[in-house]
């Protein structure tokens, strides 16, 4: 919708433009399925070094004790995990260092 063409002031009798509707969450909807946190943690503890070596400086996703996917960006990874598993959650772990690095100009950057 082009909001530039909407009037700034409405005179009496003028039609009001409809704004796009927002999705309202129905409380009767089923909540998203959750992952088994204990199984996720046990898998990560057992395979942490392997995952770090195989996917350096990436996020990895574990759901119900099973490796699901990896990506350098967290948000797209979360979306794919939700599509693949139907699970809103799981364990997301960054395989690289969380310590900030500094560029030659002194600007803080993350790996």
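The values are calculated or read from the model by the stated rules, or taken from the named source; none is laboratory data. Please read all numbers here as calculations on a predicted model, not as lab measurements. All Cβ positions, even for glycine, are placed from backbone atoms using ideal geometry, and neighbour counts span all protein chains on display.
All conditions but one from (1) at pLDDT below 85; (2) assigned to a loop (DSSP other than H, G, I, E, B) apply to residue 56; the one that does not is (1). Determine if region 36-43 includes at least one residue that is at pLDDT 55 or above, surrounded by fewer than 10 Cβ atoms within 10 Å (Cβ to Cβ) and outside any loop (DSSP other than H, G, I, E, B). Yes: region 36-43 contains one or more residues that are at pLDDT 55 or above, surrounded by fewer than 10 Cβ atoms within 10 Å (Cβ to Cβ) and outside any loop (DSSP other than H, G, I, E, B). Restricting attention to region 70-90, the residues that are crowded, with 18+ Cβ neighbours inside 10 Å, more than 14 Å from residue 36 (Cβ to Cβ) and in contact with a helix residue (DSSP H, G or I) (Cβ under 9 Å, 6 or more places away or on another chain) total 1. For the residues 20, 76, the requirement of being out of contact with any strand residue (DSSP E or B) (no Cβ under 9 Å at 6 or more places or on another chain), at pLDDT below 90 and either part of a helix (DSSP H, G or I) or over 21 Å from residue 97 (Cβ atoms) (or both) singles out 20.
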